[in-house]
Amino acid sequence: MVGIRDVTGPNLRRLFGSLVFILVIGTQITSAKELKVRFDAPSIIPFDTGTTKSTLEEAVVSQRDQIELEVEISTWLLSGKPERIQEILFEIFDLSGASRVIDFLPRDEISSDFIGGIKVEKSKEKNRSIGLSASSNLPWMPGGNGQLASGNKNVDRTSYEKKSPQRHIIVSGTSRQGRGVVYRFRRANEHSLEGTRRLTLRLSVPQGWSTSLLRVQCIARGLTQGAVPGLRQTSTIGQQTFIIPIFDRGDTRGQRDSERFFIQYQHLKRLAEAHARELRREENQYPLKQIAAILSLEDSNLPEAWPTQVLESGDVATFTAAKRFLPDDLQQAGTHYLAARRAILSDHKTLTAKEEATRPQDKHASPITPIESEVSEKESLSP
């Protein structure tokens, strides 16, 4: 008896999508967002190592070095009106898990839409009056009338200046228990959210630390058209993640490894995007074939979002599951990328037992990405 494989979850969504395609062939529904933002960041970043420590920091960074680096992130509006961009957010953290944040710039900044204070004037007016009138119609008195009035007017005026309302246009602070930094930039009349921002980080790292990877998450939020015509809602209008190698400015080998990592990262990303486009093209041309694959006993589905998990997290389990569905060139690119990633993250001095015990263990901040069984250090890393 022929069984039917589980079609819940992602498979059910694919099946439904294929059926809709059969019923509505040639129909395409496109929704163009009116507001789009993209980001850019450096391919590699050098850092400077310093040894000066304040008294407060000595207890925290004992037997450790301090490094300082700058991350320049550019924000560009692709479509829409710039005044509808409400805020942009950046998070930067080290994937090795061996560093700790000591300081960062820029710090919090407040601003106001008014120049100087706000002048307030209040006045209170009081009027008092007394009136007397008399008239006579008696025959034995001369006719006539008369009036007598008396009054005063008091005006109290109060004038003072109050502080103009202010709000934060820059908010920054640590994240991930002091291992990363988050920046929030809000719209202000005198500042544009477009352009380049220079973010400075000072980290405490193990002695001899020479290379690592930064994960830079960029998000833009703005006013977009809501479901009801005429009403706008705040939503994400741009989001990108960058994996950036950093190296000691005086370390030639570290710079070479960083450049190699960037080449392998871009090579794998391009091949993965091209492969995804090819799969979508085949699904659109042969929807019945896709349905047959979903209902077949054999598991022939490529894991969803595998490029993101491999590129950003170095997830070897995901790569292993996807590998048998990938063409040879994509398999080789993934293997070389994971090797280059390990070369960057493993080039650190051995941590002390205390540092090892406090090191974050989540998949985004693991000290060395788990690729031991899949990648050989002897493999060629040429692009």
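Read-outs throughout are calculated quantities, based only on the coordinates presented, and are distinct from any laboratory measurement. Just so it is clear, the model here is predicted, and its values are computed rather than measured. When we count neighbours, we look across all protein chains shown, and the Cβ atoms used for this are built from the backbone with ideal geometry, even at glycine.
Figures for the structure shown
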item	result
Extension gain from Ser346 to Asn189, taking 0.36 nm per residue of separation minus the Cα-Cα distance	51.9 nm
Estimated inter-spin distance, Gln207 and Arg324, nm [label 7 Å along Cα→Cβ]	4.9
Label-zone membership for the range 61-96, site Gln225, 7 angstrom Cα→C-beta point, backbone N under 13 Å	80
Virtual paramagnetic centre 7 Å along Cα→Cβ of Arg167, amide N under 19 Å, in the range 179-212	183-194
